[in-house]
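Here's the structure, in structure tokens; my notes come after.
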Amino acid sequence: MIIKPREQRVEILIDVQNLYHSAKNLYGGRVNFKEILNGAIGGRKLIRAFAYVVRTKSGEERAFFEALTKLGIETRIRDLQEFYGGQKKADWDVGIVIDAIRTSPNIDVIVLCSGDGDFIPLVEYLRNQGKRVEVMAFGRTASLKLKEAADEFFDIGENPKRYLLPIK
């Protein structure tokens, strides 16, 4: 474990769908976002935390969104798009990239909570801007190249007791 300077200003970007599906597929469980937040902060100064979430027509996720807000996480909400033929889509990649670039001048460290390899160009860009980029994700489903591109990769799958909620 690398010692992290307490004065570092940290921003956390949480790709909720990515973590949700990994936790469900690997462990049949749910992510403990409070522990994700604590692990990502690592004793440093939290400036902002964003969770990128998807709203369905039924609205059953409302309580989850409120729980994230109570943790101090700002939710970015996008409606689930449903296409003719039943296909569904809710992609936050561009929104995450724009937020990261827009807010990066005011922070020292960006913690990207996603294993999606689509973020490799973002990680490279931020590092070229002098930012420290840490990635937190499930190692078994995270892109190998994303892990390599980051300053540090933190495998939340190595401690499922901490990062997953007990299955009811």
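Please treat every number below as a calculation from the coordinates, not as lab data. Please read these numbers as outputs of a predicted model, since none were measured by experiment. Note: ideal-geometry Cβ built from the backbone for every residue, glycine included; neighbour counts use all protein chains shown.
Among 155, 99, the order by Cβ neighbours within 10 angstrom, fewest to most, reads 155, 99. Put a plus charge on the Cβ of each Lys and Arg, a minus charge on the Cβ of each Asp and Glu, and nothing anywhere else: the dipole of the chain about its Cα centre is then about 460 debye.
To the nearest ten degrees, helix 93-103 and the longest principal axis of the Cα atoms of the chain are 40 degrees apart. Amide H to amide H distances under 5 Å link residue 51 with 14, 74, 75, 76, where only residues 5 or more positions off or on other chains count and H is placed in the peptide plane.
Each of 167, 81, 22 was placed along the dipole of the chain (beta-carbon charges, centred on the mean Cα), and the one lying farthest toward the positive end is 167. Once the Cα atoms are used to define both axes, helix 16-27 deviates from the longest principal axis of the chain by about 80 degrees. Based on Cα atoms of the chain, Rg over Rh with Rh as the Kirkwood radius reads 0.95. Would you compute, from DSSP H runs of 4+ residues alone, the mean residue ellipticity of the chain at 222 nm, taking -39500 (n - 2.57) per run and dividing by the full residue count, rounded to the nearest 500? Helix-only estimate at 222 nm: -10000 deg cm²/dmol. Amide H contacts of residue 111: 11, 12, 13, 134, each under 5 Å away and 5 or more positions distant or on a separate chain (H built 1.01 Å from N in the peptide plane; Pro and chain starts excluded). Computed extension length for residue 155-residue 58: 31.6 nm, one decimal, from 0.36 nm per residue of separation with the Cα-Cα distance subtracted.
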